[in-house]
Each structure stands twice: as C-alpha cells, then as structure tokens.
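Computed from the coordinates by the stated procedures, all read-outs in this text should not be read as laboratory data. Just so it is clear, the structure is predicted and the values come from calculations on it, not from any experiment. Cβ placement follows ideal geometry from the backbone for every residue including glycine, while neighbour counts extend to all protein chains displayed.
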Amino acid sequence: MFPRAAASTDNAASQVDLPALVHAYAPVLFRVAYSVLRSRTEAEDVVQDAFVRVLEHRQSLPGVRDLRVWLVRIAWNLALDRRRRIRPDQMDESFARSLVDGSVAADAALAEFQQIQAVLGEMERLPKTERSVLLLSAIDELSTAEIASILGRSESAVRALLSRARQRLRERLAKGEERRWKILKK
Amino acid sequence: MEDPEEVVDTVLSGLRAVAPPVGMEARIQLALQSHRADQAPDSPFRFRLRRPALLGGFGGVLVVAAWCVAALCLFVLAGRRGAAKHPAEHPAAGHPAEQAVTSTPASISTPESQSPFVTPGAGAVHPRAVRLVSSRPSRGAAVAAADAGPAASLVSFPAPPMPLTEQERLLLVLAHRRGQARLAGIDAQKQEARETEQFQEFFKPEPSIVVNDTPPAAVDTATATTTTPSK
C-alpha cells in the first residue's frame with residue numbers, strides 16, 4: 001500500500017511524504033469526522049488538525065504499525081472532542097435534507113425528512129460504544145478488525161455491539177412511530 | 001411509511017457517500033506548509049528556545065539583565081506613584097497651612113487637632129489640613145516609634161478620623177466664612193453692652209400705654225385725652 005510505504009520510510013522521519021498522506025487519507029478521515037459532526041466545515045477542520053498532529057509527531061511515524069488506523073483514531077478522537085462543544089440542535093440539517101428524495105411530493109418529502117431526523121436523533125441517544133461502532137461501520141474503508149483496533153475492542157465485541165446498536169435503534173424507532181400514530185389518532 | 005430499518009440504512013449509506021469538499025486537500029496542504037514554516041529551525045527565536053544550552057552562556061546573562069532592568073523600572077514607577085498619591089508625606093509640596101502644622105508636631109499629637117471640627121484653641125489651622133497630616137504619620141516617625149522600644153509600642157494611636165460627609169463640609173464652609181476676621185474684631189465688653197441695649201430696647205414699655213386706676217366714668221375722658229385719632 002502506497003501510504004504505508006510513504007509513512008514507513010527508512011529511518012528519517014522528516015522524509016515522510018505528507019502530501020501523499022493527505023491525498024490518500026483525507027477523504028476517509030473526512031467521512032469519519034463527518035459521521036460524528038455532520039458539518040462539513042467542522043469535519044474539514046478535524047482532518048486538518050489530524051494532519052497537523054501527524055506533522056508534529058512525525059518522529060514517531062516509523063514506529064506506527066497501521067497508519068490508517070492510527071490516523072482514523074486521531075480524527076475520531078478529535079471529532080469526539082469537538083462534538084462535545086456542539087449541541088445536537090446546533091448540528092447541520094443539510095445532511096438530512098440531502099437524503100430526502102427531491103422527486104416526491106412536498107408532504108412525502110417532509111415525512112421522509114422527519115423520519116431521517118428521528119433516526120439521527122435516536123443514533124445520538126444510543127450508548128456511546130454502540131453509536132461509535134454503528135458510525136464507524138458505515139464507512140466502507142474500515143473493516144471490523146480496524147474498527148476494533150480504533151475502539152480498542154475485540155472483533156467479536158464490535159460485531160455484538162453493532163448488532164445490539166441496530167436492534168436498539170429499530171426498537172426505539174418503532175416505539176417512536178407508535179407514539180406518533182397515537183398522537184395523530186387523538 | 002418506510003420501514004425504520006430502511007431509513008437507518010439510508011442514513012448510513014448517506015454517511016458513507018459523503019464526499020469531501022472541493023479543494024480540501026489543497027487547503028490542508030497549505031495549512032501544513034504554514035505550520036511547517038512556523039516550526040522551521042531557521043527562525044532565530046525558535047532556534048534559541050530549542051537549544052537551552054545557549055542560554056547558559058551569553059543568553060542567560062541577557063535574560064538576567066533584562067529582568068533586573070524590568071524590576072528597576074517597576075520599583076521607580078511604584079515610587080513615583082506613591083509620591084503622587086500621598087502628597088501630604090512631602091511637606092514642601094503641600095498647603096501652607098499643612099506646612100505650619102507639620103512644623104509644630106506637638107499640636108498634631110493632641111487629640112483636639114485630630115478632630116475634624118474646629119475648636120476655639122485651634123482656630124488658626126484649617127481642620128482639613130490637620131486631618132490630612134495627622135492621619136498619615138511619616139515613615140521617620142514610625143521608625144522612631146519602633147526604635148523607642150516596648151514602651152513606645154504600648155502607646156495607643158487613635159483611629160484615623162472618618163472622612164467628612166457632605167453636610168459636615170457645608171457646615172465647615174458656613175462656620176468659616178470670614179471667621180478669623182470676625183473673631184479678631186470681637187470685643188467682649190462691647191458685645192455685652194450691645195446685648196444689654198438690645199434687651200432694654202425690646203422690653204422697654206411703650207410711652208402711649210398708661211396704667212389707669214381711675215373709675216370707669218373717668219376712663220372715657222382719660223382715653224379721650226390720651227388717644228389721638230389717627231385719621
């Protein structure tokens with residue numbers, strides 16, 4: 001893999017090819033940060049901060065075994081740190097709007113938007129580990145082993161957490177739908 | 001209505017498909033370059049900070065000298081501020097009345113002179129000046145008192161007088177308008193004679209009123225003679 005070769009350059013840490021690293025990893029880091037923050041500008045800031053960290057700790061780069069996991073972990077922690085400063089109501093709604101099908105009628109689009117918002121809200125209310133596993137599993141580039149390495153869990157634990165997260169999310173959404181229908185019937 | 005599972009999949013696939021903004025990589029490259037330039041070793045300040053061994057020689061002397069100069073400046077500035085805040089500690093710069101008071105320390109130590117109100121004995125000195133000087137003993141006096149030993153430490157110093165209120169200040173202004181000139185012109189005997197004369201004037205019986213002991217028949221004739229019609 002090219003980035004790993006770029007990172008594990010001989011012995012001179014100063015010879016790390018940062019432009020190559022940025023080119024290879026910026027998209028995945030952006031997706032990781034965006035899944036937490038749901039804001040494009042904030043996610044870009046996180047990616048930039050992650051590469052600044054790389055620059056500052058480039059002396060230790062040759063000792064890094066899996067550079068992608070290491071970078072994703074940095075970006076993940078930075079995004080979580082930044083996420084603590086943002087309230088859920090301050091998060092960008094443009095992501096939910098972008099998922100709504102534009103070809104349907106306005107009332108159907110509104111209902112779909114509300115459903116997506118409900119899913120995002122329930123995802124925020126999931127337990128921390130389950131939410132982390134669910135969000136990281138949404139990123140294609142990351143395997144279960146890599147997610148386990150990022151979160152410091154075993155692979156089986158990650159699989160169990162993912163299954164539990166989806167189950168819990170399904171149940172909560174069903175309950176929410178029932179509640180909504182009851183209110184509408186009244 | 002869609003199945004919740006489908007909505008969850010839609011959301012997750014949306015997160016998966018998010019594309020980074022255009023030009024993000026270029027912006028990150030620029031930021032990294034600027035960060036690297038900040039960390040460049042050719043910056044003289046950073047060079048010195050990264051090599052503290054150099055500070056042990058000439059750099060250390062410079063730092064110590066800079067600290068000494070800063071401390072000296074602070075000391076001088078603090079001294080000037082203190083002098084500006086307490087002009088009463090410098091008799092040459094004060095009011096003439098204050099100079100007079102400081103030249104007679106015996107009168108300062110008396111309790112009457114520390115009162116904000118004027119007593120007849122201290123009429124020549126402005127009470128404000130007395131208060132200012134007496135409330136701030138000089139440093140020399142304090143050192144002398146400390147050197148005098150335990151006997152001097154037993155002497156109790158009264159608390160400094162409270163600042164005058166607005167009413168007290170107005171009262172002082174009223175009481176001291178031309179006060180010294182008036183006091184100089186007072187003669188006790190003349191004052192007494194004037195008061196006696198005013199008393200006599202006030203209680204002197206009017207000449208037109210006559211005490212009448214005659215019978216009522218004669219009253220008419222008496223009133224007819226005494227009262228003169230004004231119109």
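List of remarks:
- Cα centre as origin, Lys/Arg/Asp/Glu Cβ charges: the range A:97-154 dipole, Debye: 280
- Chain A: DSSP helices with Cα axial extent of at least 18 Å and average Kyte-Doolittle hydropathy no lower than 0.0: A:18-37, A:67-83, A:106-125
- Modelled FRET efficiency - R0 45 Å, residue A:65 with residue B:80, Cβ distances, 0.05 increments: 0.10
- Rounded, prolate or oblate (a/c below 1.5 giving rounded, otherwise prolate when a/b exceeds b/c) for the range A:14-75 by Cα gyration tensor: prolate
- Peptide B:20-26 has a mean shielding of 5, counted as Cβ atoms of other protein chains within 10 Å of each residue's Cβ.
- Remark: the range B:3-16, residue by residue, has Karplus-estimated 3J(HN,Hα) of 5, x, 4, 5, 5, 4, 5, 4, 5, 5, 5, x, 5, 5 Hz, where x stands for each Gly or Pro and the curve is 6.51 cos²θ - 1.76 cosθ + 1.60 at θ = phi - 60°.
- Extending 7 Å from the Cα toward the beta-carbon at both residue B:69 and residue B:166 defines two label points whose distance is 5.1 nm.
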